[in-house]
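What follows is a single structure, written as structure tokens, with notes after it.
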Amino acid sequence: MQGPVVECVPNFSEGADLRRINAIVAAMRVEGVRLLDLSMDADHNRSVATLAGEPQAVVEAAARGAGKAVELIDLTRQQGAHPRIGAMDVIPFVPVSGIKLEQCAMLARQAGLEIWRRLGVPVYFYGAAAARPDRANLENIRRGQFEGLRDAAREETARRPDLGGPGLHPTAGACAVGARRFLITYNVYFDSTDVALVRSIAREIHAAAVGVKGVKAMGMLAQGRAQLSLNIADFSATPVSQVYGKVCELALRHKAAPAGGEIAGLIPEAACERESEWMRQLADFDPQAKILERRLESPLGWPDEV
């Protein structure tokens, strides 16, 4: 791709209905934008698309996807295993080449304004696009999920959206739009159904506790096994091997050990540690499909419009 390239990773609150998922992704088909990845997770009731392309085209694609999500997803008729505040829950913009994080923050502001103007969905800005220091951390915005935020946004001035509000959209909630560096989502599985085990490890490894810098963790049951889901915000400062080592150390205290792992979404070539134990444990890791640089050269086909 020539010129500046920005990545956008819309997360929306539907992980099981393939017809709805395809319709939302198809709505994001815009000239100058490529579809690099689509991850669907019924256990988390969440899907994540990865787009990349010319900055203004990517902004338009994100706004269109949000519109289709608002049309098809009713948060009052579902529960979120993964924390969520909106139908189109999170839209981060990520610099890939020829563009800086500060410019991605401006793109996030543009996308948020379009979402509010077109859809009437309130917007919170986070990460590098945050309008307030306490909203740089996405967790602070999503506290209480849709159900809790729906009341808090009306009752507490500090919880009101940055655009729109004070009330949320009645069925689509709100949208968190931000800018950040590349984030790696790494899931570790245990041969156990003991959710208490992975939740205990998550609490210990979580960056807000004693854990590893720039790592967020959550434990749950997925695919019939205990899963530790990890978000690594800065792999150059905290390599995945370091995170894996910490997980093994903490698991040993519980007389357990990781039994496999997976990368959700894409991973940059620079984050791959070929001879590491964590990569050897990855299930069905296909470099052509999972490495960002290779996907840019060979994108996915867009699903048909529904």
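Here residue 71 meets the list (1) under 30 Å from residue 230 (Cβ atoms); (2) without any contact (Cβ under 8 Å) to a residue 12 or more places away in the chain; (3) of a type outside the set (Phe, Trp, Tyr) almost entirely, failing just condition (1). The residue that is modelled with the highest pLDDT, among those in the stretch 181-210 that are surrounded by 21 or more Cβ atoms within 10 Å (Cβ to Cβ) and over 23 Å from residue 15 (Cβ atoms), is 201.
Condition (residue is in a helix (DSSP H, G or I), of a type outside the set (Lys, Arg) and closer than 23 Å to residue 203 by Cα) applied to the stretch 290-301: is it met by at least one residue?
Checked against the condition, which is being in a helix (DSSP H, G or I), of a type outside the set (Lys, Arg) and closer than 23 Å to residue 203 by Cα, the stretch 290-301 yields no hits at all.
Quickly run through the stretch 16-59 and pick out the residues that are under 16 Å from residue 185 (Cα atoms) and basic (Lys, Arg). Scanning the stretch 16-59 gives a single hit, 46. Any residue that is in a helix (DSSP H, G or I), over 26 Å from residue 181 (Cα atoms) and at pLDDT 95 or above - is there at least one of those in the stretch 34-57? No, every residue in the stretch 34-57 fails to be in a helix (DSSP H, G or I), over 26 Å from residue 181 (Cα atoms) and at pLDDT 95 or above.
Does the stretch 48-59 contain at least one residue that is surrounded by fewer than 21 Cβ atoms within 10 Å (Cβ to Cβ) and farther than 24 Å from residue 123 by Cβ? No; the residues of the stretch 48-59 include none that is surrounded by fewer than 21 Cβ atoms within 10 Å (Cβ to Cβ) and farther than 24 Å from residue 123 by Cβ. Comparison of 256, 251 shows that the only residue that is assigned to a loop (DSSP other than H, G, I, E, B), outside the structural domain of residue 9 (by TED's automatic domain parsing) and of a type in the set (A, V, I, L, M, F, W, C) is 256. The set of residues in the stretch 81-95 that are more than 13 Å from the chain's Cα centre (by Cα) and either surrounded by fewer than 20 Cβ atoms within 10 Å (Cβ to Cβ) or not assigned by TED's automatic domain parsing to the domain that holds residue 24 (or both) contains only 81. One residue stands out in the stretch 169-180 among those that are on the phi < 0 side of the Ramachandran plot and surrounded by 24 or more Cβ atoms within 10 Å (Cβ to Cβ): the one that is farthest from the chain's Cα centre (by Cα), namely 172.
The values are calculated or read from the model by the stated rules, or taken from the named source; none is laboratory data. Because the structure is predicted, anything quoted here is derived from the model rather than measured. Please note: Cβ atoms are built from the backbone with ideal geometry, for glycine as well, and neighbour counts cover all protein chains shown.
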